[in-house]
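> First, the structure itself, so that you have it in front of you.
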Amino acid sequence: MIPPVANRFVAGEELDEALDHVADVNDRDVGGILNLLGEHYHERAPADEDADAYLRLIDGIAERSLEASVSVKPSQIGIDLPTNAFAENLEQIVTHAKSHDVFVWVDMEDHTTTDTTLDAVCNQAQRYPHGVGLAIQANLKRTREDLERLAEVPAGVRLVKGAYDEPESVAYQEKAVVDEMYEEYLEFLFREFDQGVAVGSHDPAMLSHAKSLHDTYGTPFEIQMLMGVREDAQYDLAEEYDVYQYAPYGPKWLQYFYRRIRERKKNALFALRAVLGI
Ligand code: FAD
């Protein structure tokens, strides 16, 4: 069982717990985006195992008629392997998702994986138009070109600021510049995209920019935030907008939990208070 502090950020170790969590947020008009925790496999067996787990996850979402999509990390289904594992596993997941009418998001990892991820998602979008989407990172200098390419593809885009420490040669380093680029790319998406825009941010400034772009262009969009982060805002926003909560689950939760705690002082204080019982 996930201990009390971590269960703010992780939906459970087991599939059923994750599905129960999504049912709960669905009751409050928030959709779920389920991610089985796992990354950087260097052997085929665990990559295939996680791909199979996504098939069972899709079955569970469909059986319980949940408002939920899945989100897959490329390195958990084989992008680090010198074989076709990634493309084959993604195709299998997308085929299964299509037959159950479930949307598949693909997370974006560090810049060395961007080309392969982009190519694979563009291929899958031809097989399942409007059924797949990928995260695009505003901190990468290449992003404008990637968005221009994606404007021609029936795939959704989740715009995020970027979570990986990238070298200066490929990525903007200053937060203010990343924020500026995020706003600029959001405008591009609202102007050019009718195939699904997702605003993957907790930042009130980015969310208010998205709302005003929606008023200007009328483009449909959804807001995506992480489980355990600004949850009250998620429920408030859901009264007016489509909101989805990215909820990770699975036995490999510890590393993810540490990342959430490290990234923000307030989260660390919350964890400390819970441990001390104050
Ligand atoms: P920040 O720039 O970190 O913060 C801006 C403001 O937002 C803060 O000042 C505060 O007001 C508010 N805020 C931010 N965090 C908190 C918090 N914990 N509690 C309270 N307020 C807060 N990155 C990738 O590289 N690849 C991915 O595939 C990917 N997928 C993602 C999917 C989702 C649904 C989300 C929400 C993020 C994803 N990310 C991904 C992470 C993303 O790149 C950012 O690292 C992360 O979202 C932090 O940026 P931010 O825009 O939320 O706000």
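The values are calculated or read from the model by the stated rules, or taken from the named source; none is laboratory data. Here the structure is a predicted model, which is why all the values come from computation and not from measurement. Please note: Cβ atoms are built from the backbone with ideal geometry, for glycine as well, and neighbour counts cover all protein chains shown. Calculation scope for accessible area: heavy atoms of the full protein, side chains included, ligands and nucleic acids excluded. Shrake-Rupley method; radii C 1.70, N 1.55, O 1.52, S 1.80 Å.
> Can you compute the helix-only [θ] at 222 nm over the chain? Use -39500 (n - 2.57) per DSSP H run of at least 4 residues, normalise by all residues, nearest 500 deg cm²/dmol. Provide the component values of the computation, followed by the final result.
Working: 10 runs with 131 residues, N = 278.
Helix-only estimate at 222 nm: -15000 deg cm²/dmol.
> In nm, to one decimal, how far is the residue 59 label point from the residue 164 one, both placed 7 Å along Cα→Cβ?
3.3
> Can you pull out the trypsin sites (Lys or Arg not before Pro) in region 77-168 whose DSSP state is coil and whose Cβ has at most 16 other Cβ atoms within 10 Å?
Taking region 77-168 and a limit of 16 other Cβ atoms within 10 Å, the loop trypsin sites (Lys or Arg not before Pro) found are 141, 142.
> If you don't mind, another one. Taking the Cα centre of the chain as origin and charging only Cβ (+1 Lys, Arg; -1 Asp, Glu), how large is the dipole, in debye to the nearest 20? It would help to have the intermediate numbers written out before the result.
Numbers: 26 positive and 51 negative charges, 150 e Å.
Taking the Cα centre of the chain as origin, the dipole is about 720 debye.
> To the nearest 0.05, what FRET efficiency results for residue 216 and residue 112 with a Förster distance of 51 Å applied to their C-beta separation? Could you put the intermediate results ahead of the total?
On the way: r = 36 Å, r/R0 = 0.71.
The computed FRET efficiency comes out at 0.90.
> Quick one: which of 81-94, 23-36 comes out on top by average Cβ neighbours within 10 Å, and what's the full order, highest first?
Highest to lowest by the protection proxy: 23-36, 81-94.
> When DSSP beta bridges are limited to those with both residues in the chain, what percentage is antiparallel, rounded to the nearest 5? Display every interim value, and only then the final one.
Values: 1 of 34 bridges.
Once the DSSP bridges in the chain are tallied, antiparallel ones form about 5 percent.
> Using only the alpha carbons, work out the radius of gyration and Dmax of region 58-203 in angstrom.
Taking only Cα atoms of region 58-203, I get Rg and Dmax of 15.2, 47 Å.
> Using only the alpha carbon atoms of the chain, find the Kirkwood hydrodynamic radius as the inverse mean reciprocal pair distance, in angstroms to one decimal. All intermediate terms of the calculation are to be shown ahead of the outcome.
Numbers: mean 1/r = 0.0525 Å⁻¹.
For the chain, inverting the mean 1/r across all distinct Cα pairs yields 19.0 Å.
> Counting alpha carbon pairs within less than 8 Å and at least 6 residues apart, what relative contact order, in whole percent, applies to region 178-231? If you can, show how the numbers build up before the last one.
Details: 48 pairs, mean separation 21.8, N = 54.
Across region 178-231, relative contact order equals 40 percent.
> Per the 1.4 Å probe, what fraction of the accessible area of region 4-252, in percent, lies on carbon and sulfur atoms?
On the way: 4760 of 10610 Å².
Whole-percent figure for carbon plus sulfur exposure: 45.
> Work through the residues other than residue 110 whose Cβ is under 15 Å from its Cβ and net out their charges, Lys, Arg +1 and Asp, Glu -1. Present the calculation step by step, with values, prior to reporting the outcome.
Values: positive: 73, 141, 142, 161, 259; negative: 39, 80, 107, 109, 115, 146, 165, 166, 168.
Value of the local net charge: -4.
> With a point put 7 Å past each Cα toward its Cβ, work out how far residue 187 is from residue 149 in nm, to one decimal.
If labels sit at residue 187 and residue 149, their model points lie 2.5 nm apart.
> Suppose the chain between residue 95 and residue 235 were pulled fully straight at 0.36 nm per residue; how much longer would it get relative to their current alpha carbon spacing?
Details: separation 140, 0.36 × 140 = 50.40 nm, distance 3.21 nm.
The residue 95-residue 235 span can extend by a further 47.2 nm.
> Over the chain, what is the relative contact order in percent, taking alpha-carbon pairs closer than 8 angstrom and at least six residues apart? Before the final figure, lay out each step's value.
Working: 468 pairs, mean separation 62.8, N = 278.
It comes to 23 percent, rounded to a whole number.
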